[in-house]
Amino acid sequence: MTIARFRFPPLSAAMIVAALQTAVLGYMVEGRATILRNGAEIRLKTQPVDPRDLLRGDYVTLSYPISVIPAAIVTGEKPRESGRARLWVRVRPGDGGDFEATEASFAHLRAEEGSVVLRTLPFIYHGGAEGRIPDRLFVRYGIERYYVPEGEGRVLEEAHNQQALEVEVRVSTGGTPQIARILLRGEPVYDEPLY
């Protein structure tokens with residue numbers, strides 16, 4: 001008894017692979033566009049970074065006050081062991097309209113009126129005995145780099161160092177942020193396209 005083997009013709013196999021790759025890329029692009037279209041909008045003040053690290057090629061490195069989480073605002077159960085962790089950070093508008101971190105947790109935070117919850121990228125956490133945490137946790141959100149047209153980074157670098165640069169961010173319901181707009185002295189200078 002002979003078992004028949006089914007073989008895809010090379011052209012059919014290549015077409016299937018191309019279709020799968022296109023679908024994956026489309027899914028990634030649409031996920032980002034959905035956040036920019038429907039996400040909650042927050043405005044963040046940037047803070048100066050060492051100018052030697054600020055501009056590398058055609059992008060600007062951004063840092064935010066909400067990237068430093070004081071232990072005093074961390075609520076709930078703390079990891080007892082070191083390892084990879086992430087925080088959920090609640091932000092609320094401050095006096096100047098820029099959003100500030102008011103609460104953080106290693107567990108998901110529930111939505112509350114007048115606030116937005118961001119999810120950090122995973123970071124290496126060095127846990128202490130009895131659930132103690134360091135005085136400050138340094139986190140990233142995935143919005144620390146913004147690409148600019150070639151040759152236009154110097155203006156943003158100078159504004160950033162003068163604390164005249166702000167970022168409007170859209171946040172998905174799951175806490176994923178995307179940069180939507182760069183503001184220079186309150187005026188939009190770069191709008192992120194959906195596609």
Legend entry - Long-range HN-HN contacts of GLU100 with modeled amide H, under 5 Å: ARG92, GLY94
Inset, instruction - Kindly express, to the nearest 10 degrees and within the range 0 to 90, the angle between helix 10-38's C-alpha long axis and the longest C-alpha principal axis of the chain. - result: 20 degrees
Inset, instruction - Starting from the coordinates of the alpha-carbon atoms of segment 70-138, obtain the Kirkwood hydrodynamic radius over all distinct pairs and give the value in Å to one decimal. - result: 12.7 Å
Legend entry - Derived scalar couplings ³J(HN,Hα) [segment 164-173; Karplus, 6.51 cos²θ - 1.76 cosθ + 1.60; whole Hz; x for Gly, Pro]: 10, 10, 10, 10, 8, 10, 9, 10, 6, 5
Legend entry - Cβ-based charge dipole, segment 59-195, positive-most Cα from ILE73, THR102, VAL189: ILE73
Legend entry - Where labels lie 7 Å past Cα in the beta-carbon direction, separation of ILE73 and ARG136 in nm: 1.3 nm
Inset, instruction - Would you grab the residues whose amide H sits under 5 Å from the one on LEU121? Only those 5+ places off in sequence or on another chain, please, with H modelled 1.01 Å from N. - result: ARG140, TYR141, GLY142
Inset, instruction - Translational diffusion coefficient, Stokes-Einstein: compute it for the chain using the Kirkwood radius over C-alpha pairs as Rh, at 10 °C and 1.306 mPa s, and state it as an integer in µm² s⁻¹. - result: 83 µm²/s
Inset, instruction - Amide H neighbours of VAL74 under 5 Å, at least 5 residues apart or on other chains, H built in the peptide plane: list them. - result: ALA104
Legend entry - Average Cα contact separation per residue, the chain, under 8 Å, 6 or more apart, as relative contact order %: 27 percent
Inset, instruction - Before anything else, pin down the relative contact order of segment 81-195: Cα pairs under 8 Å, at least 6 apart, normalised by residue count, whole percent. - result: 21 percent
Inset, instruction - Determine the relative contact order of segment 70-138: mean sequence separation of Cα pairs under 8 Å and six or more apart, normalised by residue count, in whole percent. - result: 45 percent
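We did not get these values from a lab; they are worked out from the coordinates using the rules stated. For clarity, every value in this text was computed on a predicted model and none was experimentally measured. We place every Cβ from the backbone using ideal geometry, glycine too, and count neighbours over all the protein chains shown.
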